[in-house]
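J.: Encoded as structure tokens, here's the structure I'll be asking about.
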Amino acid sequence: MTDSTTEMTGAPRRHATTEAVRASIGRRHRKQVYVKALGLGAISFAFLMLSILVISLASSGYKAFTQTHITLDVFVDSEEISAEKLPRGGFDDVLTAALLVHLPEVDASDRATRRKAEGILSKGAQFQLRDMVVADPGLIGQTVIMTVPLSDPYDQLNKDLIDRDTDEANRRLKNDEISWFDTLEVEGLISTPLNTGLITNADSRFPELAGLRGALIGSAWALLVCFLISFPLGIGAAIYLEEFAPRNRISDFIEVNINNLAAVPSVVFGLLALAVFIGWFGLPRSAPLVGGMTLALMTMPTIIIATRAALKSVPPSIREAALGIGASQQQVVFGHVLPLAMPGIMTGTIIGLAQALGETAPLLLIGMNAFITSAPSTPLDSATALPTQIFIWADSPERGFVSRTSAAILVLLTFLVTMNAIAIFLRNRFERKW
Amino acid sequence: MTTLAFAVLLGASLLGYALNRQAASAIHAGGTRLHSLSNHHGLYALLLVLVPVLVLILAWLALQGPVIDRLTMAGLPEGTLEALDGGGAQLVLAEIKSLAGGRVFGDPEPWKQVAAERYASLRLLSGQMLLAVVAGLSAIILFFARSRVGAGFRARQRVEGIVSGLMIFCSVAAIFTTVGIVAALLFETLRFLEMVPLTEFLFGTNWEPQIPIREGQVAAEGAFGWLPVILGTLVITVVALLLAVPVGLLSAIYLHEFAPARLRAVAKPVLEILAGVPTVVYGFFAILVVAPAIRDFGAAIGLPVSPNTALAAGSVMGVMLIPFISSFSDDALSAVPRSLRDGALALGATRAETVLNVLFPAALPGIVGGVLLAVSRAIGETMIVVMAAGLIAKMTVNPLDSVTTVTVQIVTLLIGDTSFDNPKTLAAFALGMMLFLVTLAINVFALRIVRKYREAYD
């Protein structure tokens, strides 16, 4: 009786469990598929964002790597430009005259039309001519063949960024201006060479002249200062904390402090630099020296953390062996452990410097967003840096600066990718398995 | 002059190294047993010269500017400064400096010319004095160091003592930085609070820092209630996290549990690239691509969207945070012992169930710590919001509206303005102080969680 009851109740229950499990398997597997799909979706989203980012930058930036130029036979008229009055003189009139030779339909006696036609050439063209003539006054009275940049609207037109089909009232260039350009193009005067000015020129209000030279040199100075300060300080601190410091409250406090410092918002470092370096010490504003010092304070925690990790990965046997043959603590560290940890330290340093190179906010606060048309020659001169230059250009209303900004970002990203690639190379090349 | 001083320093320390090393080698060659290697004798001289003289040069450079300024101003003829307030005196000083630098605009008054010459001669004098002091001090130290060379001199211990001191100084530099941050922020914030009461700053609902520039100007009265600013920060942070947390977590789970090795090998570096992109690039991306897209979409479905939306800034910030959260979560998931995972799988759980019901709860503290750090980064993030969020503080939680954030206000208040004597610029420091305190609290909390959790399985 009892047996039969257990059989009676047991059998259906076992059956029910199996059934329940069977029934749920489909549901559970579907759930697994959902989770997997969601995960794949998330990863794809990240990929998608990265590719939109890169594609949008590349598609708007690649056009800034070329620049529309015009080649003119310029007669350096001695009536306009006299050797005594250099560097003053009517260089713009000379250029306009050379241009108008090719545009017979322009009525040169009408001031308004003449001015409009002058607008074809970049404002920088006359300075190019001036520099040539000042360098060689013998050119006065002769005819020189010059290739000068066109102004931004015509550059945009040549790059098909101005739609000829839009209503004339809403277009930056009117019909007559476009026809002038077409005339010049038909005559074969227009060329679109590689825009070396993007690297060799300093900043300018005119997009066709603006370049990154000042920003590149400013960034280089700031990074150099940053490296000179943060590298020795960071390594010193890391070695002390990892190898020598007694484990007590003070070293614990320092460690917590460093971890916190690594997570302090960058703009706070800008405030620190502004109040202390500029306000209290009276160091110059906009200077790469101050920028570098600020970036050094931000980079130091990164370097310390990376160096400590690298030191930690050196096996104790190395230390023990060196100690065993009578080396002092410091000889062990500087003679044996540090050289072995160096690749890891370099990797961390390069990554820290790459971060510093892209940092913008603290540099804005110390005034490295100033508009400066010459490259700094010492770290105390006013300068901009690459990321702040990007910020300035992104704020500029001229159309031409949109592509300049993208191009500058591409330059910055090139540097960053290169630095990271070097770091990865170092890691792979020198990585040891103990 | 300064460069020359550094050159002298470098030369003197190298000379000291060479001299001492040679002297020690000579003793050694004479057959006497040295206590320390001759190399250590050289290093002893090198460090003994390098450290104090370098400190001297840096201190000199830091102090000479203010001292010369004061001397120049004190040397002006009687009565010129009385008529000027602080700002006017600064202008006069700036003019004198530019005259001394050879940049003459117009016809400066004769007394300014005199002052400029004085300024230039003071600078020259300071440079010459620095050079003389550096050379003299280096010579004395060199002589002293050279006199210490002897068979029984414990040069190695001395060198190691100096090196230890230097390393301790390096470690303390981190504390200096923190102290500097706190001191600078606190000092300026206190000055701000003298002008604006604390209660108004903390509880005011109106943020209009553009105070009248001229006295008696009837424009806006400055208002410094930070609630709309922090509200805007929170709106953007929430938008960013709503995007970044799910996407980051799901991609971490996928990469950790489901992804084929090949995809993992590609995806991880790609995420790292995403993490290494400077934020100014994200900011430009926001105004170039995302904001117009949101505006067009809003126009298409008839929603009023302002040009600078919290949504645009927040979602781009979310993209920035994805790699941060995913790598943190991945680490946390990997830190869960394998036995837990194997146990769950052995009991017949599917992989999804293992991840969601076993690994995820076990890794939760680490993940929460990572998310908290991401929150702190979102609150402190500057460039994306400076470029893509608005400037006007509004009490709104609508992500389609334009909001402003703490960091945006700090940057806009301080760009191009360093006079620390009006509430407008000082307000930036007060905001910075709040930002520092809030992010510090979150960071400490997050680091504590992460640490505690990591210790649990060690």
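The values are calculated or read from the model by the stated rules, or taken from the named source; none is laboratory data. The model shown is predicted, which means the values in this text are computed figures rather than measured ones. Please note: Cβ atoms are built from the backbone with ideal geometry, for glycine as well, and neighbour counts cover all protein chains shown. Keep in mind that these areas ignore ligands, DNA and RNA; they rest on the heavy atoms of the full protein, side chains included. Shrake-Rupley method; radii C 1.70, N 1.55, O 1.52, S 1.80 Å.
J.: State, as an integer percentage, the relative contact order of chain B based on alpha-carbon contacts under 8 Å between residues 6 or more apart.
T.: Relative CO of chain B lands at 17 percent.
J.: For the range B:245-296, compute Rg over Rh where Rg is the Cα radius of gyration and Rh is the Kirkwood radius from the inverse mean 1/r over Cα pairs.
T.: Result: Rg/Rh = 1.12.
J.: Compute the FRET efficiency between B:GLU208 and A:THR17 as 1/(1 + (r/R0)^6), taking r as their Cβ-Cβ distance and R0 = 60 Å, and round to the nearest 0.05.
T.: 0.30
J.: Sorted by accessible area with a 1.4 angstrom probe, largest first, how do A:LYS85, B:LYS97, B:LYS424 fall?
T.: From most exposed to least exposed: A:LYS85, B:LYS97, B:LYS424.
J.: Tell me the per residue accessible area of the range B:1-153 using a 1.4 Å probe; a whole number in Å² is fine.
T.: Numbers: 8720 Å² over 153 residues.
Accessible surface, normalised per residue, equals 57 Å².
J.: Could you point to the residue in A:THR71, A:VAL417, A:SER230 farthest towards the positive end of chain A's charge dipole, with +1 and -1 charges on the Cβ of Lys/Arg and Asp/Glu respectively?
T.: A:SER230
J.: Taking the Cα centre as origin and putting +1 on Lys and Arg beta-carbons and -1 on Asp and Glu beta-carbons, what dipole magnitude results for the protein assembly as shown, to the nearest 20 debye?
T.: Numbers: 65 positive and 68 negative charges, 943 e Å.
With only Lys, Arg, Asp and Glu charged at Cβ, the dipole is about 4540 debye.
J.: Using a 1.4 angstrom probe on the protein heavy atoms only, could you order A:LEU380, B:LEU255 from most to least accessible area?
T.: Values: A:LEU380 95, B:LEU255 5 Å².
The ranking, largest first, comes out as A:LEU380, B:LEU255.
J.: Quick one: pull the percentage of alpha-carbon pairs in the range B:209-351 with a separation above 28 Å.
T.: Working: 4458 of 10153 pairs.
Everything past 28 Å amounts to 44 percent.
J.: Show me the chymotrypsin sites (Phe, Trp or Tyr not before Pro) within the range B:371-458 that DSSP assigns to loop and that have at most 12 other Cβ atoms within 10 Å of their Cβ.
T.: Those satisfying the criteria are B:TYR457.
J.: Quick check of the Kirkwood formula: for the range A:212-430, what is the inverse mean of 1/r over all pairs of different Cα atoms, in Å?
T.: By the Kirkwood definition, the hydrodynamic radius is 18.7 Å.
J.: Reported to two decimal places, what Rg/Rh ratio describes the range A:158-242 when computed on Cα atoms with Rh from the Kirkwood expression?
T.: Working: Rg = 24.1 Å, Rh = 17.6 Å.
Result for the range A:158-242 is an Rg/Rh of 1.37.
J.: For the range B:1-153, what is the Kirkwood estimate of the hydrodynamic radius, computed as the reciprocal of the mean inverse distance between distinct Cα atoms, to one decimal in Å?
T.: So the Kirkwood estimate lands at 18.5 Å.
J.: I would also like to ask the following. Please report, in Å, the Rg and the Dmax of the range A:194-322, where both are computed over Cα atoms only.
T.: Using the Cα atoms of the range A:194-322, the pair Rg, Dmax is 19.7, 66 Å.
J.: With only alpha-carbon pairs counted, each pair once and no self-pairs, how large is the Kirkwood hydrodynamic radius of chain B in angstroms?
T.: 28.2 Å
J.: Hey, rough spin-label estimate for A:ARG429 and A:ARG111, points 7 angstrom out along Cα→Cβ, what's it come to in nanometres?
T.: Placing both labels 7 Å beyond Cα along the Cβ direction yields 6.6 nm.
J.: When only C-alpha pairs under 8 Å and at least 6 residues apart count, what is the relative contact order of chain A, in percent?
T.: Relative contact order, chain A: 19 percent.
J.: Are there chymotrypsin sites (Phe, Trp or Tyr not before Pro) in the range B:100-140 that DSSP marks as loop and that have at most 11 other Cβ atoms within 10 Å, and which are they?
T.: Answer in residue order: B:PHE105.
J.: If the viscosity is 0.692 mPa s and the temperature 37 °C, what Stokes-Einstein diffusion coefficient in µm²/s follows for the range B:332-440 when Rh is the Kirkwood radius over Cα pairs?
T.: 188 µm²/s
J.: Go ahead and run the numbers for FRET between B:VAL172 and B:ASN422, Cβ-Cβ distance against an R0 of 41 Å, rounding to 0.05.
T.: It comes to 0.70.
J.: Once you place label points 7 Å from the Cα toward the Cβ at A:SER328 and A:ASP136, how far apart are they in nm?
T.: Distance between the two pseudo-spin positions: 6.7 nm.
J.: Nearest 500 deg cm²/dmol is fine: what mean residue ellipticity at 222 nm does the protein assembly as shown get from its DSSP H runs of n ≥ 4 alone, each adding -39,500 (n - 2.57), divided by its residue count?
T.: -22500 deg cm²/dmol
J.: Related question: Take every Cα-Cα pair in the range A:69-191 and report what % of them are more than 22 Å apart.
T.: 36 percent
J.: For the range A:341-388, what is one quarter of the convex hull surface built on the Cα atoms, given in nm²?
T.: It is 4.2 nm².
J.: Using Cα pairs under 8 angstrom and six or more residues apart, how large is the relative contact order of the range B:319-458, in percent?
T.: Worked out over the range B:319-458, it gives 27 percent.
J.: Per residue, how much accessible area does the range B:319-419 have with a 1.4 Å probe, in Å²?
T.: So the range B:319-419 comes to 34 Å² accessible per residue, rounded to a whole number.
J.: Would you mind computing, in nm to one decimal, how far apart the modelled labels at B:LEU61 and A:SER251 are, each placed 7 Å from Cα along Cα→Cβ?
T.: For B:LEU61 paired with A:SER251, the spin-label model returns 3.3 nm.
J.: How much length would be gained if the chain were fully extended between B:ALA261 and B:LYS452, taking 0.36 nm per residue of separation minus their Cα-Cα distance, in nm to one decimal?
T.: Stretched fully, the B:ALA261-B:LYS452 segment lengthens by 65.7 nm.
J.: Whole number please: convex hull volume per residue, Cα atoms of the range B:226-453, in Å³. Present the calculation step by step, with values, prior to reporting the outcome.
T.: Working: hull volume 31.8 nm³, N = 228.
In the range B:226-453, the Cα hull volume divided by residue count equals 140 Å³.
J.: Then there's this: Anyone know which of A:PHE227, A:PHE281, A:PHE181 comes out most mobile in the 10 Å Cα GNM of chain A?
T.: Residue with maximal mean-square fluctuation among A:PHE227, A:PHE281, A:PHE181: A:PHE281.
J.: Leaving out ligands, DNA and RNA, calculate the buried accessible area for the pair A and B with a 1.4 Å probe, summed over both sides, in Å² to the nearest 100.
T.: 6600 Å²
J.: Can you figure out the FRET efficiency of B:LEU54 with A:GLU80, using R₀ = 60 Å and their beta-carbon distance, to the nearest 0.05? Don't skip to the answer; put the middle values down first.
T.: Working: r = 58 Å, r/R0 = 0.97.
According to the calculation, E is roughly 0.55.
J.: Leaving ligands, DNA and RNA out of it, report the carbon-plus-sulfur percent of the accessible area of the range B:226-453 at a 1.4 Å probe.
T.: Within the range B:226-453, the accessible surface is 68 percent carbon and sulfur.
J.: Take the Cα radius of gyration of the range B:257-339 and divide it by 2.2 N^0.38 Å, with N its residue count; two decimals is plenty.
T.: Ratio of Rg to 2.2 N^0.38 Å for the range B:257-339: 1.45.
J.: Further, regarding this structure: For B:LYS452, which lysines qualify as cross-link partners when the Cα separation must be under 25 Å and same-chain residues fewer than eight apart are set aside?
T.: The qualifying lysines are A:LYS312.
J.: If you count only protein heavy atoms and use a 1.4 Å probe, how large is the accessible surface of A:TRP221, to the nearest 10 Å²?
T.: Counting only protein heavy atoms, A:TRP221 exposes about 70 Å² to solvent.
J.: Hydropathy first: keep DSSP H helices in chain A averaging at least 1.6 on Kyte-Doolittle, then drop any whose Cα extent along the axis falls short of 18 Å, and list what survives.
T.: Flagged H segments are A:213-239.
J.: Using a 10 angstrom Cβ neighbour count of at most 12 plus a DSSP loop assignment to flag exposed GluC sites (Glu not before Pro), which longest range of chain B is free of such sites?
T.: The segment B:222-458 is the longest one with no such site.
J.: Once you sort the root eigenvalues of the Cα gyration tensor of the protein assembly as shown as a ≥ b ≥ c, which label holds: rounded (a/c under 1.5), prolate (a/b larger than b/c) or oblate (the other case)?
T.: oblate
J.: What average number of partner chain Cβ atoms lie no more than 10 Å from the Cβ of the residues making up B:378-384? Provide the component values of the computation, followed by the final result.
T.: Values: counts 0, 1, 7, 4, 11, 11, 0.
Partner Cβ neighbours, averaged per residue: 5.
J.: For A:VAL186, what accessible area in Å² do you get when you roll a 1.4 Å probe over the heavy atoms of the protein chains, rounding to the nearest 10?
T.: 130 Å²
J.: What number does chain A give for Rg over Rh if you use C-alpha atoms and the Kirkwood radius? Write out the running numbers ahead of the final one.
T.: Details: Rg = 32.9 Å, Rh = 27.4 Å.
Over the Cα atoms of chain A, Rg/Rh equals 1.20.
J.: Can I ask one more? Find the accessible area per residue for the range A:45-108; the probe is 1.4 Å, ligands and nucleic acids are left out, and the unit is Å².
T.: For the range A:45-108, the per-residue accessible area is 48 Å².
J.: Using DSSP loop states and a limit of at most 11 other Cβ atoms within 10 Å to flag GluC sites (Glu not before Pro), what is the longest stretch of chain A containing no flagged site?
T.: A:106-430
J.: Still on this structure, please answer the following. At a 1.4 Å probe radius, carbon and sulfur cover how many percent of the accessible area of the range A:59-171?
T.: 48 percent
J.: Mind checking which helices in chain B clear 27 Å along their axis (Cα) and have mean Kyte-Doolittle hydropathy of 1.6 or more, DSSP H runs only? Please report the intermediate quantities before stating the final value.
T.: On the way: long enough: B:2-29 (40 Å, 1.03); B:38-74 (53 Å, 1.40); B:110-148 (57 Å, 0.72); B:155-195 (58 Å, 1.27); B:227-253 (37 Å, 2.53); B:310-335 (36 Å, 1.30); B:360-380 (29 Å, 1.57); B:423-456 (49 Å, 1.01).
For chain B, where a helix must reach 27 Å along its axis and average at least 1.6, the hits are B:227-253.
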